[in-house]
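Participant: Sharing a structure here in structure tokens format.
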């Protein structure tokens, strides 16, 4: 199977080339939005890449100076976004026609050539060369471990313009054996449910909590720093504003990497074959999360996904509907079951932390969905601190009750 990594690399772009990159990005976004509008023109939304290619390729080539591969990449972006909108409608969710505004540009091996210290990038008018801006000590960095490793193949990249910097998100891949005894998980392992939120960044069905206090503290701290610098309005303040943005992003990434490592370790310790998250699509609307929290949720999922793959653990998303209101013990679903962080079932009187109850429901949602699949290697239960919940939501103690110690499965706060 393929193990994938994405390594962000800052680029040193000559001032003469900045305008050319900006123009290329602008035309790429125009192309993606043109294809999207075309997809929505008919009675049904078109999601087939082949159909969209036939209907838009010549028009985009006539209206832009984009490389043919950039035209195809813009079409693929549009098709994927349209497909996502259609999937939301199928599940009764609201979705409008996608519109691309974030400055980015997709590169493959025909439009980007990667060298030891620089990259050559195709633009509207020939190629430019941009040097990498790398850490002084590259040891134990993703650059050395993946990007410059002889084991990994560079498959492409996305160029982003963020906080005043041109960042190249380089995609790396290596083929690994998926059935090594050292990394393999049991064929019929359990599911680890994970609930994400504002007050508690992550809560697992095994009763482990990662609080959002530290995240919120530093988010407010950096907001205050940016506010003070924006009031100054000087060139010095502008340069420091960019530095603050980089420090904020790096601090949060370190925190999220720490949590993702712990989540994967939790799954392995409990011999889980799947880590189940709630669908992140509309999580801001459901939880009242800020844009910063949404960014953190997306990054955390991304980190867990690629780290878990090393050990043969799948990472999936499930429909989050009513997972915070449903009793994980008896199945009663009622808005009055939950009061803030407290959960008390109106039917069976089950009490616990609301996010912990939701984490178990997320695991159960995946488990029940998977029971309709091919069987064979289907997980057998939702993993708790001790024992599991079976597909009916019934508690199954471990074969050896002394095998696990710590918090009781149904009392994570004790």
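Each reported figure results from applying straightforward, stated rules to the coordinates on display, with no laboratory input. The shown structure was predicted, so the numbers you read here are calculated from the model rather than taken from an experiment. Don't worry about glycine lacking a Cβ; one is built from the backbone with ideal geometry, like all the others, and counts go over all protein chains shown.
Participant: In what order do 23, 16 fall by count of nearby beta-carbon atoms within 10 Å, going from fewest to most?
Facilitator: If I rank by nearby Cβ atoms, fewest first, I get 16, 23.
Participant: Let me ask something additional. Treat the count of other C-beta atoms within 10 Å as a stand-in for reagent exposure and order 254, 283 from fewest to most.
Facilitator: 254, 283
Participant: State, to one decimal in nm, how far the label point of residue 23 lies from the label point of residue 322, with both points 7 Å from Cα in the Cβ direction.
Facilitator: Modelled inter-label distance: 5.7 nm.
Participant: Calculate, for residue 254 and residue 198, the FRET efficiency according to 1/(1 + (r/R0)^6) with r their C-beta to C-beta distance and R0 30 Å; round to the nearest 0.05.
Facilitator: In this case the efficiency is close to 0.90.
Participant: How far apart, in nm, are two points set 7 Å out from the Cα along the Cα-to-Cβ line at residue 41 and at residue 391?
Facilitator: It works out to 4.7 nm between the two label points.
Participant: Using a simple spin-label model with points 7 Å from Cα along the Cα→Cβ vector, what separation in nm is obtained for residue 298 and residue 6?
Facilitator: Calculated label separation equals 0.8 nm.
Participant: Could you work out how far the C-alpha centroid of the stretch 44-105 sits from that of the stretch 123-173, in angstrom?
Facilitator: Using only Cα atoms to place each centre, the spacing works out to 26 Å.
Participant: What order do you get for 336, 269 when you list them from fewest to most C-beta neighbours inside 10 Å?
Facilitator: In increasing order of surrounding Cβ atoms, one gets 336, 269.
Participant: Then there's this: Please grab the % of Cα pairs in the stretch 2-175 that end up more than 24 Å from each other.
Facilitator: Of all Cα-Cα pairs in the stretch 2-175, 43 percent lie more than 24 Å apart.
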